[in-house]
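Peer 1: Handing you a structure now.
Derivation of every value follows stated rules applied to the coordinates shown; laboratory data play no part. Here the structure is a predicted model, which means the values were calculated and not measured. As a convention, Cβ positions derive from the backbone with ideal geometry for all residues, glycine included, and neighbour counts pool all protein chains shown.
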Amino acid sequence: MTIGLEGRPSIPSPFRWTVEAYAHAIDAGLFVDQRVELVDGELYEMPPMREPHVGAAQFLERAFAPLVLADRLLIDKPIILPSDGEPEPDLAVKRAGAPLKPTVTDVLLAIELSDSTRLFDRGQKLEAYLRDGLRELWIVDLQQHEVRSSVTGN
């Protein structure tokens, strides 16, 4: 709650999470049985993966398997965005030598498999990725059977 000049509560404002506060919450066990992602300082609970999502993920994991041995493939792992974001794309290709938890500048390609979260993925999440400098994003729309590719000049 925010206190106004006269000592009375003013209009409430949402609590914004930083990447650091989110990491502390994870370390403290706050989200043990929950799939959450931090996007633009806000937490989003992600729905369970349905069968089409799991099947598409397995297909892509096999297609990108050679990158596993080179330690360049991330599967459901976080990427740090500078605008207080830590999304977990289904797959991501990171540059050689990138840290275990890469920043967006370490990532060459992120792939989001989009089924029940398609509006979020194609809206706020896409905007956050591109605004924060992700080089390339593929959104695989499992409902429309299409792939949307977004490429920036970074």
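Peer 1: Test of understanding: express the Cα radius of gyration of the stretch 61-102 as a ratio to 2.2 N^0.38 Å, with N the residue count.
Peer 2: 1.16
Peer 1: If you stretched the chain out fully between residue 42 and residue 15, how much longer would it get, using 0.36 nm times the residue separation minus the C-alpha to C-alpha distance?
Peer 2: 8.9 nm
Peer 1: Hey, what do the phi angles of the stretch 67-84 turn into as Karplus ³J(HN,Hα) couplings, whole Hz, using 6.51/-1.76/1.60 and θ = phi - 60°, x for Gly and Pro?
Peer 2: Residue by residue, the stretch 67-84 yields 6, 5, 5, 8, 6, 10, 10, 10, 10, 6, 10, x, 10, 8, 9, x, 8, 6 Hz.
Peer 1: Within the stretch 55-86, find all residues whose amide N lies under 18 Å from a label point positioned 7 Å from the Cα of residue 25 along Cα-to-beta-carbon.
Peer 2: 78-86
Peer 1: Something else about it: If we restrict to alpha carbons, what Rg and Dmax does the chain come to, in Å?
Peer 2: 17.2, 63
Peer 1: Would you kindly derive the ³J(HN,Hα) couplings of the stretch 124-130 from the backbone phi angles with the Karplus curve 6.51 cos²θ - 1.76 cosθ + 1.60 (θ = phi - 60°), listing them in order in whole Hz, with x for Gly and Pro?
Peer 2: 3J(HN,Hα) across the stretch 124-130, in whole Hz: 4, 5, 4, 4, 5, 4, 6.
Peer 1: So, one more: Hey, rough spin-label estimate for residue 103 and residue 34, points 7 angstrom out along Cα→Cβ, what's it come to in nanometres?
Peer 2: Label-label distance for residue 103 and residue 34, simple model: 2.8 nm.
Peer 1: Which residue, chosen from 117, 34, 48, occupies the Cα position most advanced towards the positive end of the dipole of the chain, where the dipole is computed from +1 (Lys, Arg) and -1 (Asp, Glu) charges on Cβ about the Cα centre?
Peer 2: Farthest towards the positive pole: 117.
Peer 1: On a C-alpha basis, how far is the centre of the stretch 83-154 from the centre of the stretch 42-80 in Å? Whole number, if you could?
Peer 2: 11
Peer 1: Using only Cα atoms, find the angle between the long axis of helix 51-63 and the longest principal axis of the chain, and express it within 0 to 90 degrees, rounded to the nearest 10.
Peer 2: 60
Peer 1: Relative contact order of the stretch 47-151: what whole-number percent is it, with Cα pairs under 8 angstrom and at least 6 residues apart?
Peer 2: It comes to 22 percent, rounded to a whole number.
Peer 1: Next question, about the same structure. Give a residue-ordered list of calculated ³J(HN,Hα) values for the stretch 21-28 (Karplus: 6.51 cos²θ - 1.76 cosθ + 1.60, θ = phi - 60°; whole Hz; x for Gly, Pro).
Peer 2: Whole-Hz 3J(HN,Hα) from phi for the stretch 21-28: 5, 5, 4, 5, 5, 5, 4, 7.
Peer 1: Something else about it: Where nothing but the Cβ of Lys and Arg (+1) and of Asp and Glu (-1) is charged, how large is the charge dipole of the chain around its Cα centre, in debye to the nearest 20?
Peer 2: Dipole of the chain, to the nearest 20 debye: 320 debye.
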